[in-house]
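Novice: Handing you a structure now.
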C-alpha cells in the first residue's frame, strides 16, 4: 500500500513506480520511419505501441529511406522522374523563398551527370525534429534505395535505370560524384567504419565493393541470379544477399569474395534483416506468402504463413519484433523475433518500403 501525505508527492511516487515497472524494451522502443510510396509521405511509427503517430508529407512516390547516425536527418528517394527542364514541386511546409534558395544551392553540381538521359529524379533531405523537408536535390534518375554514410556527410542513392550510385554532399546539397557499379544497382549497405559500401547489381549478378575514400569500385563479387536486398553479419565478415532468381539467401565471405553457403527459402524473396542477437536472418518471401527465419548456426529454416505478398522488413531493435510490409495491402505485420508468431498488424496509408529504425 502507498500512503500519501501530500497529493503531489503521491502522484510523483506512482509515476516513478510505473516507470520502474515498465519493461525495458518498451522504454527503449525506437521510432520507425516508413516511406509509403504513392501515398506521398513518410510514416512515423512508435514501436512501443505499434501505431502510426505522425506523417511527413510532400515526398513523391518514395521507396528508399535512410537516416544519419545522429538521428537528425532522413534522406528519402523518389521513384518518380521528371524532365530536367521542369522545376521540381515545392515541398509542403516550405516557403517559396526557401524553395528557390534550396535549389539555387545545387543548381551547379560539381560533377556532371554520367548519363545521357534528360530525366532526373529527386531525393528529399528531411529534418526529423521538425518533420519537414528542408531540401530537394536532383539526381540521375529514379531512386531505388538510400543510405547515409556513417559520418553523416554523404547521401547515397541507387539508380537502377542509370547504372550508377549518386553521392550527395548533404551539407551543400551538391552532387559530389557518381560511381558506375553495374546493371540495375539495387541495394546498398555500409560497414560500421564507413570505409566500404556494397551495392547489389540485379541486372548483371554482381555485388560491387566500393572504397569510400576514393569513390571507386575495388572489386565485383559474383552472386548468380539477381542479387537484391542485403545485410551484413554483426562481425562484418559475411554479407547475406537475397538471390531473388534462385530463391535463396547466399552468404558471401568478404575476405575471399566467394559464396560459402546457400540457404534455399522459396519463390521471390525480397526483404531481409538480422535478429538483435545476430543468430537468425528474417526473409520476406513474396512468391510463397511467408516469412522465413534462418538459424545461422544450423541452417534450419522456419516459416510463418504471411500474406498477401510480404515485402520489405526490418528488425526493431530492443523490442523483439520484426515489421513486415505487404506489397498489396496497406499494413505492416508485427512478428515476434523469438518464436516467429504474428503478434499484431499496423494499418498504414500506401505501401511500406525501405524502413528506418531510429532510437528515441
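Any read-out appearing in this document is the output of simple, stated calculations on the displayed coordinates, not a laboratory observation. Predicted, not measured: the structure shown is a model, and the values here were computed from it. Don't worry about glycine lacking a Cβ; one is built from the backbone with ideal geometry, like all the others, and counts go over all protein chains shown.
Novice: R0 = 45 Å: FRET efficiency of residue 328 with residue 215, Cβ-based, nearest 0.05?
Specialist: 0.70
Novice: In what order do 73, 132 fall by count of nearby beta-carbon atoms within 10 Å, going from fewest to most?
Specialist: Fewest to most other Cβ atoms nearby, the residues stand as 132, 73.
Novice: In percent, how large is the relative contact order of segment 108-219, given Cα pairs closer than 8 Å and 6 or more residues apart?
Specialist: Numbers: 264 pairs, mean separation 19.7, N = 112.
Once divided by the residue count of segment 108-219, the mean separation gives 18 percent.
Novice: A further question follows. How long are the semi-axes of the equivalent ellipsoid of segment 177-235, taking √(5λ) for every eigenvalue λ of the Cα gyration tensor, in whole Å from largest down?
Specialist: Equivalent ellipsoid semi-axes, largest first: 18, 14, 9 Å.
Novice: Would you mind calculating the gained length between residue 300 and residue 132 on full extension (0.36 nm times residue separation, minus the Cα-Cα distance), in nm to one decimal?
Specialist: Here the answer is 56.1 nm.
Novice: Now, a different point. How far is it, in nm, from the label point at residue 253 to the one at residue 336 when both lie 7 Å from their Cα along the line to the Cβ?
Specialist: My value for the distance between the label points is 3.7 nm.
Novice: How are the alpha carbon pair distances in segment 208-318 distributed across 5 Å bins from zero to the largest one, expressed in percent?
Specialist: 2, 13, 22, 24, 19, 11, 6, 2, 1, 0
Novice: Sticking with this one: Based on the alpha-carbon set only, what is the convex hull volume of segment 120-270 divided per residue, in Å³?
Specialist: Residue-normalised Cα hull volume stands at 118 Å³.
Novice: For segment 28-358, what is Rg from Cα atoms divided by 2.2 N^0.38 Å, rounded to two decimals?
Specialist: Relative to the rule-of-thumb radius for its length, segment 28-358 sits at 0.94.
Novice: Another question, if that's okay. Report the Cα centroid-to-centroid distance between segment 41-55 and segment 232-256 in angstrom, as an integer.
Specialist: First find each Cα centre; the distance between them is then 31 Å.
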